[in-house]
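So the structure is just underneath, and the comments pick up after that.
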Amino acid sequence: MSKLDQRIQLVASNEFSQLVDEWRRTQSDLPSRSEAIRRLVDMGLKYEQEHPMHLVTAVIRPHKYEEVREELLKLGVQGITVTQVQGFGRQRGQTEIYRGAEYQTNEVPKIRLEIAVTSEILQRVIDTIQATAKTGKIGDGKIFVHALERAVRIRTNEDNASALD
């Protein structure tokens, strides 16, 4: 280990300190709080290096798809996989009217978007989907982010970030 020669002042909430302390107690050598923060930051930086790509899965209302698609293209997103799906969340279905008769559906139609992105634009993609797909009502959808281990372009064998361009 190299000599530590920089001091960094950190202002943190009580909740943050408690989380760090809980993590410290799981370590066999019970590091100091500052050493625990150093280790956690190092782990986070290594994770970012090892997982530079992410798969964003968004489930949105069907009528919002075109608007979301256009905004993502403006960001530079190169590809989107779109699937029509059905499901339910808090609303547990909806009431429909067909030929004058009212009936209850258990699943609601949604659009599922899958977008592979690099870490550089990940937060902008999330923010764009959230801002564009939001109506403020129950059923607006969800966004899931997964670390993407590897991506390969079938035609050229390019992999990882170059396969996403």
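When the range 82-107 is filtered for residues that are modelled with pLDDT under 75 and either among the aliphatic types (A, V, I, L, M) or closer than 23 Å to Glu67 by Cα (or both), the ones remaining, listed by number, are Ile97, Ala101. Residues of the range 24-67 that are under 19 Å from His146 (Cβ atoms) and among the hydrophobic types (A, V, I, L, M, F, W, C): Met43, Met53, Leu55, Val56, Ala58, Val59, Ile60. Could you check the range 43-155 for strands (runs of 3 or more DSSP E) lying wholly inside it with 2 or more residues that are polar (S, T, N, Q)? Strands (runs of 3 or more DSSP E) meeting the threshold: 81-87, 94-98, 101-105.
The values are calculated or read from the model by the stated rules, or taken from the named source; none is laboratory data. Treat the numbers as computed from the prediction; the structure is a model and nothing was measured. Ideal geometry is used to build each Cβ from the backbone, glycine not excepted, and the neighbour counts take in all protein chains shown.
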